[in-house]
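Nothing in this text is a laboratory measurement; each read-out follows from the coordinates by a stated rule. Here the structure is a predicted model, which is why all the values come from computation and not from measurement. Ideal geometry is used to build each Cβ from the backbone, glycine not excepted, and the neighbour counts take in all protein chains shown.
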């Protein structure tokens, strides 16, 4: 901490920042009287929150002295000597309080209520950071060099840092975790927080559906049905289970998406809906299903350009206002990637950002992705995880990778016509498997084929999952 001299403070801004100098004075006095408060307050207070840096340097001086001479209160003159020493060594970038001032501050200590005063300082510091963020955002927006991708992302990041994490971000001793781990080992996990997929076999494989905080990649060649799969996940969650879901489509308009939802739910041929040729029987089905579809918390966004900051803003809003549980992005290669020296680096940043989005907000993020042409060169035409475009970063960040294979796409007379394989080629914390479902393309839907699912045996330690 003391290896490099601290720079002089920046000039004061025209707008006065919020500060609670009275509380700062009491906190600084209290740590002199009771140095152990530095440890007690550590999980909820940081000296950087002092607006008057002279109080922060009192804190640092007390910390330095107690490390060298532990035990009991630290007299104000000991603090004064330490501050003057740093000043002489040019480590101290400001003129500290005088001995007389330190003596007066020392008399105002309230160790018993230090946490109360520290909370007041922290609150004022958060308000000050918010004001500063507003000023920086204003300057960026007024600048001729304003760049939405770079500047908005920077403002969003700064906003997340206005209120810093507290004790939840501190490391935890393994002894505090082991008992819970043992209990989990013998207790079947609850499925209440899972997002049903609409496919019995896939739900069984994933322990009841997609878990919150997970990034799910669904990869397929163009025209294979990745949008249909994504549509099915959205319908199962929002219409089937009333779980708030955002479907962000960069490929289809909202009318196309809605046509697919109606066709799949009412089992009315999609081409009839598109061309306005639904007969009376079909119309009655659509009207009946409308009563189920209309109240569903399914949000559709068909913006032609979606960046990570803009998606993050939508997610933040819907998490707060609607309790968002899942996001489906169709599809990754159409997202606006952050600026970088290469496409691979840009996709890496995009992939990592999507994973962090899932983790931060505790939601499921399903991202549809195109595969390259390598699978078409194989005799069986089956895709592998290596076929993901820019696969290195995507494969690394994903918790699950599902690859779509339809045998009848390449062999119309295939005995497996009407089937689709969902190849789970990566499954963090679970087995890999190939799940076969029914393909009903005329309805724009995928359905269960098996009555029940038996998970494959877990591989032995060190063996590759089958």
Between the alpha carbon centres of region 376-443 and region 268-294 the gap in Å comes to 30
Expected unfolding gain across residue 447-residue 242 under the 0.36 nm per residue rule, minus the alpha-carbon gap, is 71.9 nm
Here, residue 294 and residue 373, labelled 7 Å along Cα→Cβ, have an inter-label distance in nm of 4.9
Inter-part gap, Cα centre of region 306-371 to Cα centre of region 73-140, in whole angstrom, is 40
Among [x] 223; [y] 160; [z] 253, the value of volume of the Cα convex hull per residue in Å³ computed for this structure carries the label [x]
For the chain the mean separation of alpha carbon contacts under 8 Å (6+ apart) over residue count, i.e. relative contact order in percent, is 15
Checked region 270-408 against the a/c 1.5 cut and the a/b vs b/c comparison, axes a ≥ b ≥ c from its Cα gyration tensor; verdict oblate
For residue 271 and residue 333, extending 7 Å from Cα along the Cα-Cβ vector and measuring point to point gives, in nm, a value of 2.7
Applying the gyration tensor rule to the Cα atoms of region 200-447 (axes a ≥ b ≥ c; rounded if a/c under 1.5, else prolate if a/b exceeds b/c, else oblate), the class is oblate
Exposure-ranked with fewest Cβ neighbours within 10 Å first, 281, 345, 27 stand as 281, 345, 27
For the chain, percent of DSSP beta bridges that are antiparallel (nearest 5) comes out at 40
The FRET efficiency for residue 284 and residue 138, from their Cβ-Cβ distance with R0 = 56 Å and rounded to 0.05, is 0.50
When 25, 316, 343 are arranged by how many other beta-carbons sit within 10 Å of their Cβ, fewest first, they go 343, 316, 25
Placing each pseudo-label 7 Å from Cα in the direction of the beta carbon, residue 95 and residue 303 end up separated by a distance in nanometres of 5.2
Rounded to the nearest 10 degrees, the helix 308-322 long axis (Cα) sits at an angle to the longest Cα principal axis of the chain of 90
Assertion target for 442, 427, ordered by fewest C-beta neighbours within 10 angstrom first, is 442, 427
Descending packing, highest mean Cβ count within 10 Å first, for 286-296, 60-70, 366-376, 233-243 is 233-243, 366-376, 60-70, 286-296
Given 260-266, 118-124, the highest-first ranking by average Cβ count within 10 Å works out to 260-266, 118-124
So residue 381 and residue 123, fully extended at 0.36 nm per residue minus their Cα-Cα distance, gain in nm 86.9 nm
Here the FRET efficiency for residue 36 versus residue 360, based on Cβ atoms and R0 = 41 Å and rounded to 0.05, is 0.75
Burial-style ranking of 73-79, 396-402, average other-beta-carbon count within 10 Å with highest first, yields 396-402, 73-79
